[in-house]
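Asks: Below you will find the structure I want to go over with you.
Taken together, the values in this text are just the output of simple stated rules run on the coordinates, not laboratory data. From a predicted model like this one, the values you see are computed outputs, not experimental measurements. Virtual Cβ from ideal backbone geometry, glycine too; neighbours counted across all protein chains shown.
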Amino acid sequence: MGWRILFLSEPSKISLSNNSFVVEKDDKPPLSIPLSDIDSVIIENRQISITAVLLGRLASDKIAVIVCDEYHQPCGIINPIGAHVRHSQFAKAQLLFPEEKKADLWRSIIERKITNQGEVLKMFGHTNEANELLDIAESVNCGNTVAVEGYAASLYFKTLFPKLIRKSNLVDARNDALNYGYAILRAAILRSIAAHGLLPVVGIWHSSDLNPGNLGDDIIEPFRPLVDIAVREMFAEKPEQPTIYKTEKLKLVGILQENISLDGKTFTMSQAIEVCVGSVRKSFLNGENVLKLPILGSL
């Protein structure tokens, strides 16, 4: 099944009628979309009103809702909870999973993330830096993930995005695009986590008491490079563009339909997320590392 996203960027009133999502705009006939045709909703305009009845139905139907701030960047996600009949069993397995085994899961995630970053650099002709990252990926172990990931990220971003500004008070459209794409990915992952009966707050490595999506922030890591590819290509011919517009945002949303390789097969990104999250749950239940992670190099 594809990732079917409803993107709302104009002032409107939204309600539920006859199992359908109804959008009403001034001087236009109402638009009715069956809930069965929607997997997630992005609310970008702050002049959109939505009924509580519809919000409740979206949650019960496992439809994620992404809310944007005044800068049109995703700032919140409404996800279903307890979406699986065996939620309690899966949550207990997740909570009881040993720390040393979590460390091995995290090692696998970081190794694949850095490998994928190396493949991205290779794709754009940065052969020396790509080979360095691929060598680094082979050296990852449970004791060096923090240091290795930090060095790899520094090398990767300064090579792929020269002079990238990542401070929130300064403008760099590339950074806005990266954040937007990552937020879309994160929402898709958190939706899958809830659907698989896992606890999003209980991470593998991320463990902040202030972060309700720790597990999502773990799983997203090897998927991020596909966003990086889109943003690099997006700004190759317009490096001075001051911000991202609807065209770029739709392209970033469309990443969930891009192909990626996982477990020797080719999936869309949204399908790969489902397989990956399912392997995380299986790892918790089996007490061993059976992760299935995306890889760019075999595409």
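Asks: Under the rule of -39500 (n - 2.57) per DSSP H run of 4 or more residues, summed and divided by the residues of the chain, what mean residue ellipticity at 222 nm is obtained, to the nearest 500 deg cm²/dmol?
Replies: -15000 deg cm²/dmol, from helical runs alone.
Asks: Then there is this: Under the Karplus relation 6.51 cos²θ - 1.76 cosθ + 1.60, θ = phi - 60°, what is the ordered set of whole-Hz ³J(HN,Hα) values for the stretch 215-230, x standing for Gly and Pro?
Replies: Result, ordered by residue: 5, x, 6, 6, 5, 5, 3, x, 8, 3, x, 5, 5, 4, 4, 4 Hz.
Asks: Report, in cubic angstrom per residue, the convex hull volume of the C-alpha atoms of the stretch 5-78.
Replies: On the way: hull volume 5.9 nm³, N = 74.
Output value, Cα hull per residue: 79 Å³.
Asks: Fewest first, what order do W205, W106 take by the number of other Cβ atoms within 10 Å?
Replies: With the fewest neighbours first, W205, W106 line up as W205, W106.
Asks: Take peptides 60-72, 109-121 and line them up by average Cβ neighbours within 10 Å, highest first, as a rough protection proxy.
Replies: Those peptides, ordered most packed to least, come out 109-121, 60-72.
Asks: For the chain, what is Rg from Cα atoms divided by 2.2 N^0.38 Å, rounded to two decimals?
Replies: In units of the 2.2 N^0.38 Å rule of thumb, it is 1.02.
Asks: Over the chain, what is the relative contact order in percent, taking alpha-carbon pairs closer than 8 angstrom and at least six residues apart? Please report the intermediate quantities before stating the final value.
Replies: Working: 496 pairs, mean separation 53.3, N = 299.
In percent, rounded to a whole number, it is 18.
Asks: Oh, and also: So if R0 is 35 Å, what FRET efficiency would A236 and K92 give, r being the distance between their Cβ atoms, rounded to the nearest 0.05?
Replies: Efficiency, from the Cβ-Cβ distance: 0.15.
Asks: In addition: Using all alpha carbons of the stretch 110-241, what is the percent of pairwise distances in each 10 Å bin, ordered from the shortest bin to the longest?
Replies: 12, 37, 37, 14, 1
Asks: Could I ask something else about it? Calculate, in whole percent, how much of the Cα-Cα pair population of the stretch 15-161 lies beyond 25 Å.
Replies: 58 percent
Asks: Give the peptides 184-190, 197-203 in descending order of average Cβ contacts within 10 Å, highest first. Mind showing how you got there, number by number?
Replies: Details: 184-190: 24.4, 197-203: 19.7.
So the peptides 184-190, 197-203, ranked by packing, come out 184-190, 197-203.
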